[in-house]
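**Q** Let me give you the structure first, and then I'll get to my questions.
The values are calculated or read from the model by the stated rules, or taken from the named source; none is laboratory data. Predicted model, so just to flag it, every value in this text is computed and none were measured. Using ideal geometry, Cβ is built from the backbone for each residue, glycine included, and neighbour counts are taken over all protein chains shown. Accessible surface is based on the protein model in full, side chains and every heavy atom, while ligands, DNA and RNA are left aside. Shrake-Rupley method; radii C 1.70, N 1.55, O 1.52, S 1.80 Å.
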Amino acid sequence: MSKILESSDRRQFLKAAAGGLALAQVAPLAFAQSKQQIVVSDPGGPYTAAYRRAFYDPFEKATGIKVVNVAREAQPSAQIGAIVKSKNYIWDVTTLTLSADIPYLEANNLLEPIGLTNAEFPDLMPDAITPHWLGVDVYATIMAYRTDKFGDNGPKSWADFWNVEKFPGRRSLRRNPIDTLEQALMADGVPASELYPLDVERAFRSLAKIKPHISIWWTSGAQAMQIIQNGDVDMVATWNARAQTAIENGAPVKIVWNEGLYAIEGWGIPRGTPRAELAKQFVRFCADAQRQAEITSDLPYGPTNTKSMQFIAPERAAVLPSAPDNIKGMASPSPQWWAENRQAVTERFNNFLIS
């Protein structure tokens, strides 16, 4: 997506009951003092459970290096800046999103070089590796629709979503330009592979056509899930985990992967942590195909290691964004474009909605 895809709300959703949140405020610095321990920050809830089984416990068993996880509430970029500036390394590793976090953190020299290369990890998706970051899971912004409204003949593209005559019904888009501008351009005929640099004028012209037909501009992932699950709208642009949760809750909802936008989340290390070498061992460990396959039993996100699919049950693989049949019709947003244009486009988008 992100994006720069925003993922704070998605992360809030995944934190759910987050019993470990208190740990974020207590003793992480003390934990990090041991040379044979690292503190890993994650979004909590189901994330922690998935990462504990897939990464934390196996890494401890293989290396003897203890992993203490801290569930964080806020977006990590500003916190990493404060950590590096103060040299108060309460984290040694944290989850970061490629499009939302990495351009800013790398540009400001806030991440430790990890030394990973695509040649060393040829089975990883090419954009899952940067000099300072390793991506381990893939999520997507997709379209979902109610099958009790459309049956097997629902919308299959953003052009269909925009086609109110052929597909009458209540619609919902995200109240944010990120992803929404891309969707507007694809609806207007721009191929997913040719989106960037975004033609902002064309995107807003396209949005003006659909604006009168949008019943709800959603502002949180929880809201997006509820409105499609409850039937408040017949089609929605949302995150795949939200739509999948609605499906697993029994709602007659179908995910459309075509023209989705996928984003990658993974591990980065705050520059200067005295436990950098231990942290790098952990990050490298997480590139393993079997380790990444373990994540998917808890989270409906795809692995970045293409070999992981052989360790995942076919019925589960079919609902993951990085499954070959799903990702082939999707595009990855440009972190650089959004880093340069986000503020101006967001101001224009907000004015567009109230005009």
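Let's see how each residue does on (1) part of a loop (DSSP other than H, G, I, E, B); (2) without any contact (Cβ under 8 Å) to a residue 60 or more places away in the chain; (3) under 26 Å from Leu299 (Cβ atoms):
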site: Gly115; (1), (2), (3): yes, no, no
site: Gly135; (1), (2), (3): no, no, yes
site: Asp148; (1), (2), (3): no, no, no
site: Ala159; (1), (2), (3): no, yes, no
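**Q** Let me ask another. Just to be sure, is Lys166 assigned to a helix (DSSP H, G or I) and either touching a His at 6+ places or on another chain (Cβ under 8 Å) or surrounded by fewer than 19 Cβ atoms within 10 Å (Cβ to Cβ) (or both)?
**A** no
**Q** In addition: Filter the stretch 27-62 down to the residues that are open to solvent by 60 Å² or more (accessible area, probe 1.4 Å), modelled with pLDDT under 80 and not aliphatic (A, V, I, L, M), then identify the one that is farthest from Ser308 (Cα to Cα).
**A** Gln33
**Q** Out of Thr117, Thr130, Thr180, Thr147, report the one residue that is in contact with a strand residue (DSSP E or B) (Cβ under 6 Å, 6 or more places away or on another chain), among the β-branched types (Val, Ile, Thr) and open to solvent by 10 Å² or more (accessible area, probe 1.4 Å).
**A** Selected residue: Thr147, the only one of Thr117, Thr130, Thr180, Thr147 that is in contact with a strand residue (DSSP E or B) (Cβ under 6 Å, 6 or more places away or on another chain), among the β-branched types (Val, Ile, Thr) and open to solvent by 10 Å² or more (accessible area, probe 1.4 Å).
**Q** Using the structure shown, decide if Ala222 is of a type outside the set (Val, Ile, Thr) and at pLDDT below 95.
**A** So Ala222 passes the test.
**Q** Sticking with this structure for a sec: For the stretch 53-99, give me each residue that is of a type in the set (D, E, K, R), in contact with a strand residue (DSSP E or B) (Cβ under 7 Å, 6 or more places away or on another chain) and in a helix (DSSP H, G or I).
**A** If the condition is that a residue be of a type in the set (D, E, K, R), in contact with a strand residue (DSSP E or B) (Cβ under 7 Å, 6 or more places away or on another chain) and in a helix (DSSP H, G or I), then Glu60 is the only one that fits.
**Q** Looking for something in a helix (DSSP H, G or I), crowded, with 17+ Cβ neighbours inside 10 Å, in contact (Cβ under 8 Å) with a residue 24 or more places away in the chain and charged (D, E, K, R) - is there at least one such residue anywhere in the stretch 286-293?
**A** yes
**Q** Restricting to the stretch 297-322, count the residues that are more than 14 Å from the chain's Cα centre (by Cα), among the β-branched types (Val, Ile, Thr) and open to solvent by less than 60 Å² (accessible area, probe 1.4 Å).
**A** Residues flagged as more than 14 Å from the chain's Cα centre (by Cα), among the β-branched types (Val, Ile, Thr) and open to solvent by less than 60 Å² (accessible area, probe 1.4 Å) within the stretch 297-322 amount to 2.
**Q** Now, a different point. Please find, within the stretch 267-284, the residue that is least open to solvent (accessible area, probe 1.4 Å) out of those that are in a helix (DSSP H, G or I) and farther than 20 Å from Ile102 by Cβ.
**A** The qualifying residue least open to solvent (accessible area, probe 1.4 Å) is Leu278.
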